[in-house]
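Contents: one structure, followed by commentary.
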Amino acid sequence: MRSRSVSDVVLSGTVDVPTPSARLVADWEREISIHLELEPGDVEALPLVRARARWPDYKHCVQAASDWTHTLGLHEALASSEGALMACRGARYHHDGVSYGGAAFCNLFLSEDKGLDLHFPATGLRIPLRRGTVVVFDTGQPHAVIKRRSPGFDAADFPPGQDCSLVFLTWELPMENAAVGQALGISFDIDPSTALLLGDEQVWLNGAPASVCTASGRWCQAD
């Protein structure tokens, strides 16, 4: 086990990706409404293999994300990572350090602008989400997808019948790839004595396990 810092750095940009076909979007919407049954704040996986079978532009999306990460000096990080297709109906404030502590996320958004932002409360950064928005960030950093003019996550901002689901591709970039750690300013082995005692990945703050308030994104003591 290794300990590391949690980075507040967010790398973001916009890339040119083809508009998904009406047939593909309809298939995503059907999957979201019938099988995923997303509630406000939920983030779930869509079947990527089936999507690729009817998505000739998939390779162009991957190439666009790869080219962008190359401009950051992350030359092979994305190419060596397996992608996943995800859908969300907003997202409550959370961090993913418990499940993906050894990685950074690279997310490429495929949906048109629906008035939602990716919010990082530690810095106040809000990134408008639209087709072609691409971000790289530390999985341990609290984040949420919220209404553009909302101060935080509110389930009432995602009422039934309103089109506010987003689809995005995501890759796990290995944090121990030197280029990834350097781009995000990660420091390793900051508390090796504690890391040696842990059997699984955890995020600690001030010497104790920490969690995130799902409404505000503030750090708090874990239950």
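Take the residues in the stretch 94-138 that are assigned to a loop (DSSP other than H, G, I, E, B) and among the hydroxyl-bearing types (Ser, Thr, Tyr), then tell me which one is farthest from PRO174 (Cα to Cα).
The qualifying residue farthest from PRO174 (Cα to Cα) is SER111.
What is the residue count in the stretch 32-82 for residues that are closer than 15 Å to TRP171 by Cα and in contact with a Ser or Thr (Cβ under 7 Å, 6 or more places away or on another chain)?
Counting residues in the stretch 32-82 that are closer than 15 Å to TRP171 by Cα and in contact with a Ser or Thr (Cβ under 7 Å, 6 or more places away or on another chain) gives 3.
Can you go through ILE190, ILE186 and tell me which one is within 19 Å of the chain's Cα centre (by Cα), part of a loop (DSSP other than H, G, I, E, B) and of a type outside the set (Ser, Thr, Tyr)?
The match here is ILE186.
Are there any pairs, at least 6 apart or on different chains, whose C-beta atoms fall under 9 Å, with the first in the stretch 1-17 and touching a residue at least 60 places away in the same chain (Cβ under 8 Å) and the second assigned to a strand (DSSP E or B) and surrounded by fewer than 15 Cβ atoms within 10 Å (Cβ to Cβ), and if so, which?
Listed pairs, sorted by first residue: ARG2/PHE188; SER3/PHE188; ARG4/PHE188; SER5/PHE188; VAL6/LEU205.
Before we move on, is ALA79 part of a loop (DSSP other than H, G, I, E, B), within 21 Å of PRO18 (Cα to Cα) and either aliphatic (A, V, I, L, M) or touching a Phe, Trp or Tyr at 6+ places or on another chain (Cβ under 7 Å) (or both)?
yes
When you check ARG23 against the structure, is it exposed (fewer than 13 other Cβ atoms within 10 Å of the Cβ), more than 27 Å from GLU201 (Cβ to Cβ) and among the charged types (D, E, K, R), yes or no?
Considered against the rule, which asks whether it is exposed (fewer than 13 other Cβ atoms within 10 Å of the Cβ), more than 27 Å from GLU201 (Cβ to Cβ) and among the charged types (D, E, K, R), ARG23 comes out as yes.
Kindly list the number of the only condition in (1) under 20 Å from the mean Cα position of the chain (by Cα); (2) farther than 29 Å from GLY152 by Cβ that fails for ARG23.
Tallying (1) under 20 Å from the mean Cα position of the chain (by Cα); (2) farther than 29 Å from GLY152 by Cβ, ARG23 fails exactly one: (1).
Right, GLY101: among the small types (Gly, Ala, Ser), modelled with pLDDT of 95 or more and surrounded by 15 or more Cβ atoms within 10 Å (Cβ to Cβ) or not?
no
The values are calculated or read from the model by the stated rules, or taken from the named source; none is laboratory data. What you are looking at is a predicted structure, and each value in this text was computed from that prediction instead of being measured. Counting neighbours? That spans all protein chains shown, and the Cβs are built from the backbone with ideal geometry, glycine included.
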